[in-house]
Amino acid sequence: MALYALGDLHLSFQVDKSMEAFGDLWHHYVQKIDKYCSRLTADDTLVLAGDHSWGHNLAQCETDLHFIASLPGRKILLRGNHDMFWDAKKTDKLNDLFQGRLYFLQNNFYTYNDYALVGTKGYCYEGKDTIEHFLKIREREVERLRVSFEAARNAGYSKYIMFLHYPPTSIGEFSSPFTEMAEEYGAEHVVYAHCHGRARFGDSYLGEVNGIEYHLVSGDYLGFKPERILR
């Protein structure tokens, strides 16, 4: 039994949006996902850190989500910036719809042994919006992350693994509200995705920082092989 993480599957079984156009790292990526994720066992837990499907709504994501559900083990999904099928207000509906097959992490938490798995989409500044808009969206995501931490704490948990889709810091930042919250609650690991292409793999923390282990789990960074976070 182990806890694994992988992000940015960008599946497109029902829409014409293959990632193979984005460079050699993406060649045959669906086959790689299937190959490596199928090595997990029924006792393993796989957290998928956002950007699951290119579908614009749930109907267009049906085959993608079925593919994910068919992989071994428990699958916990985090919301990514391209997951148009998943409005934050619909998390409970998704959990009801996919009960026993997929688990959606937003304003709630899940467990792995004596750890609470907490998370939210997150947000970082990429120069695509105004500073004011960036700060507004980031604050909303910070509050959602706190809801997740507090739900776990109120249930009696004191050991945490924190998941984000976006990296925990913007380029050039040495800390952010997300890293500060990870330190406040004593998270042991922070796991994130979103950073694509070799030029972007160093955008945020990697390895141990202030006693917390940071993991980038973007599919192309890992060669689509899930990273083991805990045994």
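The values are calculated or read from the model by the stated rules, or taken from the named source; none is laboratory data. All values derive from a computational prediction rather than experimental measurement. Positions of Cβ are generated from backbone atoms using ideal geometry, with glycine treated the same way; all protein chains shown enter the neighbour counts.
Every residue, every condition in (1) assigned to a helix (DSSP H, G or I); (2) on the phi > 0 side of the Ramachandran plot, yes or no:
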{"position": "34", "(1), (2)": "yes, no"}
{"position": "80", "(1), (2)": "no, no"}
{"position": "83", "(1), (2)": "no, no"}
{"position": "107", "(1), (2)": "no, yes"}
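Every residue in the stretch 217-231 that is more than 12 Å from residue 46 (Cβ to Cβ) and touching a helix residue (DSSP H, G or I) at 6+ places or on another chain (Cβ under 9 Å), please.
218, 219, 220, 221, 222, 223, 224
Select from the stretch 86-112 the residues that are polar (S, T, N, Q) and in contact with a Lys or Arg (Cβ under 9 Å, 6 or more places away or on another chain) and write down the one among them that is farthest from residue 3 (Cα to Cα).
The extreme case among them is 91.
Scan the stretch 85-105 residue by residue and report those that are in a loop (DSSP other than H, G, I, E, B) and farther than 14 Å from residue 47 by Cα.
Of everything in the stretch 85-105, those that are in a loop (DSSP other than H, G, I, E, B) and farther than 14 Å from residue 47 by Cα turn out to be 85, 86, 87, 98, 99, 100.
Could you say whether any residue in the stretch 58-71 is in contact with a Gly (Cβ under 7 Å, 6 or more places away or on another chain) and either surrounded by 22 or more Cβ atoms within 10 Å (Cβ to Cβ) or modelled with pLDDT of 95 or more (or both)?
Yes, the stretch 58-71 contains a residue that is in contact with a Gly (Cβ under 7 Å, 6 or more places away or on another chain) and either surrounded by 22 or more Cβ atoms within 10 Å (Cβ to Cβ) or modelled with pLDDT of 95 or more (or both).
In the stretch 96-117, is there at least one residue being surrounded by 14 or more Cβ atoms within 10 Å (Cβ to Cβ), under 21 Å from residue 169 (Cα atoms) and among the aliphatic types (A, V, I, L, M)?
There is at least one residue in the stretch 96-117 that is surrounded by 14 or more Cβ atoms within 10 Å (Cβ to Cβ), under 21 Å from residue 169 (Cα atoms) and among the aliphatic types (A, V, I, L, M).
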